Amino acid sequence: MRLAGKVAIVTGGGSGNGRGIAQKFAAEGAKVVIGDINEGGSQETLNLLKGNGHSFMRTDVTKKEEVDNLVGQVVDKYGGVHILVNNAGIVAFTPFLELEEEEWDRVFDVNLKGPFFCSQAVAREMIRLGIHGSIINITSVEAMIVVSSSGHCQPHYNASKGGLEMLNKAMALELSSAKIRVNAIAPGVVETPFTENALKNPQAMSWIMDRVPLKRVGQPQDIGNAACFLASDESDYITGATIVIDGGWVIQ
Ligand SMILES: NC(=O)c1ccc[n+]([C@@H]2O[C@H](COP(=O)([O-])OP(=O)(O)OC[C@H]3O[C@@H](n4cnc5c(N)ncnc54)[C@H](O)[C@@H]3O)[C@@H](O)[C@H]2O)c1
């Protein structure tokens, strides 16, 4: 059991990648706390988790008071927090010239401000309690490349994930003296509700397959496996890094 005795907060654990991460963590012995606005999905995730003692705490990561409340409750209930996965994220498809401020803010609030609130609250508790923890940020290959198949422009998503890549490095450096490691996972296309529509469209699917050397889409387990490595002591000398999980897309 690679995560025995650890307590992990997984934001957005009520669906897709977050569910895959929560399942892997629980199978490896961690107590998992899901912070999500999706109550039904989070309950379904809880039902799938091995072991006991897991919980769901309804949390909107864009609201600082809700994030502080989540972290405070986790520390009260479990005695500490060793792992945070900033996984909650949203996408919206609007071309740059048509993009309105409100949509820009919504995407940035969830994808970048949420990880800031969560990481700051968790890191402060880790430092207070002397925990040498692990923070994992779920970014995207779209922090590195712009994918605009079939007019699916998402400049705000690209910018928010690019910002999270740099926040990942800045936090890794600042938190290194407290022995808190901070790393990112950059998924390519993973089969989740997030990509459901694209993956149902044969044209979009063939566009994707033309670009993915391993000729399959990713699964939430692929993300869960890497997150488990980054959460565990096996990655004890790794910080500020990004693991790209995309079947080889961005190497071309
Ligand atoms: N699926 C992919 O192909 C893919 C590719 C690259 C990166 N990602 C990233 O992976 C992460 C998870 O995506 P997914 O594919 O599992 O999507 P998903 O839509 O299946 O799940 C996202 C989860 O985040 C939660 N969430 C949304 N806003 C929230 C908020 N304000 N507070 C708390 N929770 C909130 C949702 O309720 C949902 O449970 C995202 O950060 C996404 O950008 C996904």
Where the centroid of each part is defined by its Cα atoms, how far is the range 230-252 from the range 152-171 in Å? 17
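Neighbouring Cβ atoms within 10 Å as the yardstick, rank TYR237, TYR78, TYR157 fewest first.
Values: TYR237 6, TYR78 17, TYR157 24.
Least to most surrounded, the residues fall as TYR237, TYR78, TYR157.
Okay, helix-only estimate at 222 nm for the chain: each DSSP H run of n ≥ 4 adds -39500 (n - 2.57), divide by all residues, round to 500 deg cm²/dmol; what do you get? Don't skip to the end; give the middle numbers.
Details: 9 runs with 109 residues, N = 252.
After summing the helix terms and dividing by the residues of the chain, the value is -13500 deg cm²/dmol.
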Taking only pairs that are 8 or more places apart or on different chains, how many Lys pairs in the range 7-242 have Cα atoms under 16 angstrom apart? 9
Quick check: Cα centre of the range 80-127 to Cα centre of the range 1-19, how many Å? 17
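Since every read-out is calculated from the coordinates, none of them should be taken as a lab result. Please read these numbers as outputs of a predicted model, since none were measured by experiment. Cβ atoms come from the backbone with ideal geometry, glycine included; neighbour counts cover every protein chain shown.
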